[in-house]
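The values are calculated or read from the model by the stated rules, or taken from the named source; none is laboratory data. Please read all numbers here as calculations on a predicted model, not as lab measurements. All Cβ positions, glycine included, derive from the backbone under ideal geometry; neighbour counts span all protein chains shown. What goes into the accessible areas is simple: the full protein's heavy atoms, side chains included, and nothing from ligands, DNA or RNA. Shrake-Rupley method; radii C 1.70, N 1.55, O 1.52, S 1.80 Å.
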Amino acid sequence: MAAPGYPGWVTRWVSGQWRNKKRPPALRPPRPLALADKVANRREQPTEATCITEMSVMMACWKQNDFNDAPCAEEIRMFYDCVAKAEKERKNQNEDTLSSRGNLPSSKVNKLLRRFPQITRYV
Amino acid sequence: RIMPVRWSRYNPSYLEPEVKKESYQKPLEELTEEEREQMELKAVRPIKAAPPTLSSSVFSDPMISKFTNMMMKSGNKVLARSLMSQTLESIKRKQLEKYHKAPENEKETIECNPYVIFHQALKNCQPIIGLSNITRGGKTYQVPVPLTDNRKRFLAMKWLITECRENKHRRTMMPEKLSQELLLAFNNEGPVIKKKHVLHKMAEANRAYAHFRWW
C-alpha cells in the first residue's frame, strides 16, 4: 500500500473508531526503543535425513533382483560411501559456524549477544 | 590399600598398545613421516595395558574371539573356545569330504579354509540397513536407517547364535549345528540369510518413512 498517505475515508473511519474508544493501547511506561540482548527461544528444526536417494536406488535394485546382494553390489557400495561421507560430515561440523540451513541455534545467538551487548548509555 | 575398581579410565595421554610383530620388524628407513612421529611419541607417552583378549599370535583373529565371547555363557570361556575350535574342525572335515568326492574340474571351486568360510558367511549375513523405532505424534514408526559396521557384525553374529541355539534337535551338538549354518550362509542359503532378507523387505516396505530420520 502507499505509505502514510491513506485515502480520505480511511482516516475518517479510523478517527471514528478512536472516538468509540477502540484505540490502540498507549505504552505506559514506554520501553527504550533498542534491540534486546537476547533472542526468543526457538525450537530448532530437525535436519533432513541424508542418503535417501542412494537408499531408494538400492531398494529399487533389490526389488528387481529378489533381494540378492550380488547383482546390487555397485548400488550397495554407493550407499555405503554416502553413509560414510555423511558420518564424517556430522563429526567434522563445528556447531559454532552456521548449520546447513544457515541458522544458528538460539542459545548460541544469545551467548554472542551477551558478549556484545547493546549500549544503553554513554559514560 | 587396593581399591577394587569396576570401570577405570586412563588419562587421555595414554596410547594404545601395538601388538603386531610386523610393525616392529620394519627397518627405520621404510617408515613414512607419520610413522616416525608416532614412534617418537610412543617413546615419551605412557601406554595402556594390553587387554587379555588381544594377542600377537598368527592364529588369533579378532572376529573369532568376538564370536567366542558372544557364545560364552556365565564366563565359561574354556567351553566356548572348545566349541569354536570344534566348529572350525567340523567345517574343515565337511569341506574336505566334499573336496575328495568332487570331480577334478570342480576341485578348485571348493573352499577348504574354515576361517575364510567363517568370514565370508558372516559378511553374507550382515544386514545393510536396519529399522529403528521413531516416535512422531504419538505413533511409533519403523524407520529404515543405515547401520554402523559394529552393529552389522553384532547382528550377524547374534542371529547365527540364536538360530543355532533354538532351531535344533535336542541331541545335535552346537559345533555341528553351527558348522551347518555357517556353510549354508557361505552359500547364501539358510535361515539366517532369510532373516536378513526379511529385514530388508520390511525396510523396503517402510521406505516412505525414511524422512523421519534426522541424522
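Observations on the structure shown:
- Boolean, B:LEU199 is part of a helix (DSSP H, G or I), more than 14 Å from chain A (Cβ to nearest Cβ) and surrounded by 15 or more Cβ atoms within 10 Å (Cβ to Cβ): no
- All conditions but one from (1) within 22 Å of the chain's Cα centre (by Cα); (2) more than 10 Å from chain A (Cβ to nearest Cβ); (3) without any contact (Cβ under 8 Å) to a residue 60 or more places away in the chain apply to B:LYS168; the one that does not is (1).
- Single unsatisfied condition, B:MET84 versus (1) open to solvent by 20 Å² or more (accessible area, probe 1.4 Å); (2) hydrophobic (A, V, I, L, M, F, W, C); (3) in a helix (DSSP H, G or I): (1)
Each row is one residue, and each column tells you yes or no for (1) of a type in the set (A, V, I, L, M); (2) more than 14 Å from B:LEU131 (Cβ to Cβ).
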position: B:THR148; (1), (2): no, yes
position: B:ARG165; (1), (2): no, yes
position: B:ARG170; (1), (2): no, yes
position: B:PRO175; (1), (2): no, yes
position: B:SER179; (1), (2): no, yes
position: B:VAL192; (1), (2): yes, yes
position: B:LYS196; (1), (2): no, no
position: B:HIS200; (1), (2): no, no
position: B:ALA205; (1), (2): yes, no
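- For region B:173-185, the criterion of a residue being within 14 Å of chain A (Cβ to nearest Cβ), assigned to a helix (DSSP H, G or I) and on the phi < 0 side of the Ramachandran plot is satisfied by at least one position.
- Condition check for B:THR162: free of Cβ contacts under 8 Å to residues at least 12 places away in the same chain and more than 13 Å from chain A (Cβ to nearest Cβ): yes
- Given (1) crowded, with 17+ Cβ neighbours inside 10 Å; (2) within 12 Å of chain A (Cβ to nearest Cβ), number of the condition B:ARG153 does not satisfy: (2)
- Qualifying residue in region B:97-111 (condition: touching a helix residue (DSSP H, G or I) at 6+ places or on another chain (Cβ under 8 Å), among the basic types (Lys, Arg) and not in a loop (DSSP other than H, G, I, E, B)): yes
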